[in-house]
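Enquirer: Can you keep this structure in mind? I'll have questions shortly.
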Amino acid sequence: MQQSSSVTSVFAQPYSVYGSLEQAFAQQSAATVSRIYESHEEQTVAFFLIKGNKEGPTVWIQAALHGDEHDGIITCARILADISPEQLRGNLILCPVTNPTAMLAGTNASPLDGINLNRVFGQNANSDSYSGRFGRWLADKILAHTHFLIDLHGGGRWLDVCPFAMVAGDHEGAFHDSLAALRQVPLTATYICQSGTKGMLINEVCQKGIPAVLLENGGGNRWTDTAVHMHLYAVRMILDQLGVYSSGLAPQAEAILHANHSPARITEIAEIRFETSGILTFSRQAGENVRQGEELMRILSYPGLEEKSIACPVEHGVILSIHAASTVHKDGYAVMLGKLA
Ligand SMILES: [Zn+2]
C-alpha cells in the first residue's frame with residue numbers, strides 16, 4: 001500500500017470551524033487555517049481556508065470534481081500538511097472533495113443524476129439537474145472569493161492520462177495569466193479550450209476574467225504517490241510563479257525529472273468512443289505520440305469474439321488520455337488525442 005496515507009490525518013486537526021467562507025474571511029486571524037462546512041441541497045462540502053500573513057491573491061485549489069479521481073484529494077492533504085501560513089502572501093482555499101456525492105459513490109458523476117459536473121456550464125447550464133444547480137453554486141463561490149483557480153483532475157477509474165493542462169481561452173487577460181502561471185510546470189501538453197466547447201468550469205471562471213487551469217495526471221482504480229507528487233509539484237510551481245508561496249523545494253518524483261518542460265500546444269482534439277463491448281487486449285500509453293493509421297487499441301469483442309482495432313485517425317497526435325481498464329463498454333470513452341502540427 002501507499003506509505004504516505006497518514007498525511008490525511010491533517011484534515012482532522014483542531015482548526016477553527018466556520019459555517020461559511022464569508023464568515024471565515026471576516027473572522028479568521030492571519031496566518032491560520034480554518035475548516036469550513038457549507039451545505040447545498042443537503043450535501044455537505046468541506047473547505048479549508050489558509051490565511052496568509054500578507055495581503056495577496058486568493059488561490060482556489062480543488063480536487064475530485066470527478067468523484068473517482070482521488071490523487072488530488074491526497075494532494076490537498078499534502079498542501080495542508082506542508083504549508084507555513086506565515087510565509088503565504090494571500091490566501092488558499094482548498095476543496096479536497098468538490099463533488100461529494102460522486103466521490104462517495106466512487107463514480108465520475110453524481111449518482112443523483114449521472115451528469116458530468118464539468119459539462120454543466122455555459123451553453124449546458126441547466127437548473128433542472130442536481131449537477132447543474134450544484135455547479136452554479138460552486139462557480140458562484142469561486143467567482144466571489146478567488147483570483148486564480150487550480151482544478152486537479154486525474155484519469156479516474158477507466159482512463160490513464162498524461163500530465164497535461166487545460167487552459168480556457170475565453171478571456172484574453174485571464175488566458176495569458178493562466179499560461180504564465182504554468183511556466184514552471186512540467187507537462188506533456190497544454191490544451192487551449194475555446195469558449196463554450198464543453199461547458200467546463202475553467203471556461204465559466206475564465207469568462208469572468210479569473211485565470212483558471214485544469215491539471216490532469218494519473219488514473220486507475222486508486223491514487224498513487226507518483227500522481228500526488230506530480231500534482232503537488234505543479235501546485236507549488238504555480239504558487240511560486242504567482243508570488244503567493246515559494247517552497248524552494250526540488251522535484252521529488254522520478255517522473256518529474258523526465259517530464260517535458262516545453263509542452264505541445266494543443267488547440268484541437270479528436271475523441272474516440274468504443275463501437276463494441278468486450279475486453280481490452282492492447283493499448284498504447286498516455287503521453288505517446290502517434291501517427292495516422294497506427295494501432296491505438298485492440299478489443300476482443302463480445303459476443304462476437306472478434307479482434308477490433310482502433311487506429312489513429314489524425315495525421316499526428318499525442319495521446320492525452322486513454323482507456324486503461326480491461327473492461328470495455330460500447331460507447332464508452334476510448335481515447336482523447338491532441339492534434340500536433
Ligand atoms: Zn476529471
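The values are calculated or read from the model by the stated rules, or taken from the named source; none is laboratory data. Nothing here was measured: the structure is a model prediction, and the numbers come from that model. Positions of Cβ are backbone-derived with ideal geometry, glycine not excepted, and every protein chain shown enters the neighbour counts. Calculation scope for accessible area: heavy atoms of the full protein, side chains included, ligands and nucleic acids excluded. Shrake-Rupley method; radii C 1.70, N 1.55, O 1.52, S 1.80 Å.
Enquirer: Among the numbered criteria (1) out of contact with any His (no Cβ under 7 Å at 6 or more places or on another chain); (2) more than 16 Å from the ligand (Cβ to nearest atom), which one does residue 21 miss?
Expert: Answer for residue 21: the failing condition is (1).
Enquirer: Here is a follow-up. Would you check if residue 42 is more than 16 Å from the ligand (Cβ to nearest atom), open to solvent by 20 Å² or more (accessible area, probe 1.4 Å), in the same structural domain as residue 111 (by TED's automatic domain parsing) and within 18 Å of residue 22 (Cα to Cα)? Steps first, answer last, please.
Expert: Details: more than 16 Å from the ligand (Cβ to nearest atom): yes; open to solvent by 20 Å² or more (accessible area, probe 1.4 Å): yes; in the same structural domain as residue 111 (by TED's automatic domain parsing): yes; within 18 Å of residue 22 (Cα to Cα): no.
It is false that residue 42 is more than 16 Å from the ligand (Cβ to nearest atom), open to solvent by 20 Å² or more (accessible area, probe 1.4 Å), in the same structural domain as residue 111 (by TED's automatic domain parsing) and within 18 Å of residue 22 (Cα to Cα).
Enquirer: Same structure, new question: Return the residue satisfying two criteria in turn: it lies in region 48-67 and is over 21 Å from the mean Cα position of the chain (by Cα) and part of a strand (DSSP E or B), and of such residues it is surrounded by the fewest Cβ atoms within 10 Å (Cβ to Cβ).
Expert: 55
Enquirer: Given the structure, is residue 119 surrounded by fewer than 22 Cβ atoms within 10 Å (Cβ to Cβ) and away from the ligand (no atom under 16 Å from the Cβ)?
Expert: No, not satisfied.
Enquirer: What number of residues within region 140-180 are out of contact with any Gly (no Cβ under 6 Å at 6 or more places or on another chain) and in a strand (DSSP E or B)?
Expert: Residues meeting the conditions: 11.
Enquirer: Across region 68-99, which residue is modelled with the highest pLDDT among those that are surrounded by fewer than 22 Cβ atoms within 10 Å (Cβ to Cβ) and among the small types (Gly, Ala, Ser)?
Expert: 90
Enquirer: Can you say whether residue 170 is open to solvent by 30 Å² or more (accessible area, probe 1.4 Å), charged (D, E, K, R) and farther than 23 Å from residue 74 by Cβ, as far as the supplied structure shows?
Expert: Yes.
Enquirer: How many residues does region 134-150 contain that are among the charged types (D, E, K, R) and either in contact with a His (Cβ under 8 Å, 6 or more places away or on another chain) or open to solvent by less than 60 Å² (accessible area, probe 1.4 Å) (or both)?
Expert: Within region 134-150, residues that are among the charged types (D, E, K, R) and either in contact with a His (Cβ under 8 Å, 6 or more places away or on another chain) or open to solvent by less than 60 Å² (accessible area, probe 1.4 Å) (or both) number 1.
Enquirer: Applying the selection to region 154-197, what residues are within 14 Å of the ligand (Cβ to nearest atom) and over 15 Å from the mean Cα position of the chain (by Cα)?
Expert: Result: 158, single match.
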